[in-house]
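*Asks:* One structure follows; several queries about it will come next.
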Amino acid sequence: MNPALHQFIVDYGLWAVLGGTFLEGESVVVFAGFLAHQHLLRLPEVMLCAFAGSFVADQLLFFLGRRYRDHRLVRRIREKPAFERALALVDRYPHGFILSLRFLYGLRTVGPVALGMSRVPALRFLVLNAIAAAIWAAGFSLLGYVFGQTIESLLGRLHGVETKLAVAAVIGVAIWLAYHLAARRRR
């Protein structure tokens, strides 16, 4: 591997995981798990950064919904079609919704805001959000790690981490596209 690229990943990879979980999440964490398999990152640190980014992002969105429900940013989130669906789920299954929020397509941003606007106590959200973030971070990090082992076994003859990273990125994009297309069809 190119020494400069290796050092760049080592120096900034965990920051990218932390920031990436604020925005997208799953694909960033799966790819970071793959990098952990390649010994460019450490798996426990990937899990910790994924947990922290996801947990803090949802806590901030919950706080926005709770404290600033009339702010223009929150009003814009409330106008999204998924917001009404999120509110309905919060009313019917508040605990289950909090625990499964990260796994429901289209509700990642609006869900915590809807929960903030609901009657769910802040402490209950904090505890359940921490549990869900830990499960999510460990699950997707391990998925990337195991995915890395699969790529190793399928492409073991290919030399160089760059080649394996490129193949992993192509496969990852294909999986991401399939997931998002399937989720759109469900809607």
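*Asks:* Starting from one equal scatterer on each C-alpha and no solvent at all, send me the Debye-based log10 I(q)/I(0) for the stretch 89-131 at q = 0.21 Å⁻¹, two decimals.
*Replies:* -0.58
*Asks:* Right, something else. So with the 1.4 Å probe, I'd like the accessible area per residue for the stretch 1-94, rounded to whole Å².
*Replies:* In whole numbers, the stretch 1-94 has 59 Å² accessible per residue.
*Asks:* Something else now. Given charges of +1 on the Cβ of Lys and Arg and -1 on the Cβ of Asp and Glu, with all other atoms neutral, how large is the dipole of the chain about its Cα centre, in debye to the nearest 20?
*Replies:* With only Lys, Arg, Asp and Glu charged at Cβ, the dipole is about 960 debye.
*Asks:* If Lys and Arg each add +1 and Asp and Glu each add -1, what is the summed charge of the other residues whose beta carbon sits under 12 Å from the beta carbon of Trp136? Each step should come with its number before you reach the end.
*Replies:* Working: positive: Arg102, Arg108; negative: Glu26, Asp58.
Neighbourhood net charge equals 0.
*Asks:* Over all directions, the average projected area of the alpha-carbon convex hull for the stretch 42-115 comes to how many nm²?
*Replies:* On the way: hull surface 20.6 nm².
Mean projected area for the stretch 42-115: 5.2 nm², to one decimal.
*Asks:* Considering only protein heavy atoms and a probe of 1.4 Å, how much of the accessible area of the chain is carbon and sulfur, as a whole percent? Mind showing how you got there, number by number?
*Replies:* Working: 7090 of 10670 Å².
That share works out to 66 percent.
*Asks:* Here is a further query. Over all directions, the average projected area of the alpha-carbon convex hull for the chain comes to how many nm²?
*Replies:* 11.2 nm²
*Asks:* Between beta-carbons, use under 12 Å as the cut-off and find the net charge around Leu14, counting Lys and Arg +1, Asp and Glu -1.
*Replies:* Counting the neighbours of Leu14, the net charge comes to -1.
*Asks:* How large is ³J(HN,Hα) for each residue in the stretch 98-103, as worked out from phi by the Karplus curve 6.51 cos²θ - 1.76 cosθ + 1.60 (θ = phi - 60°), to whole Hz, x for Gly and Pro?
*Replies:* Computed from phi, the couplings for the stretch 98-103 are 4, 5, 9, 3, 5, 9 Hz.
*Asks:* How would you rank 43-54, 7-18, highest first, on the average number of other Cβ atoms within 10 Å across their residues?
*Replies:* Averaged packing, sorted descending, gives the order 43-54, 7-18.
The values are calculated or read from the model by the stated rules, or taken from the named source; none is laboratory data. Not measured: the values here are computed from a predicted model. Glycine gets a Cβ as well: all are built from the backbone with ideal geometry, and neighbour counts include every protein chain shown. Accessible surface areas use protein heavy atoms only, side chains included; no ligands, DNA or RNA. Shrake-Rupley method; radii C 1.70, N 1.55, O 1.52, S 1.80 Å.
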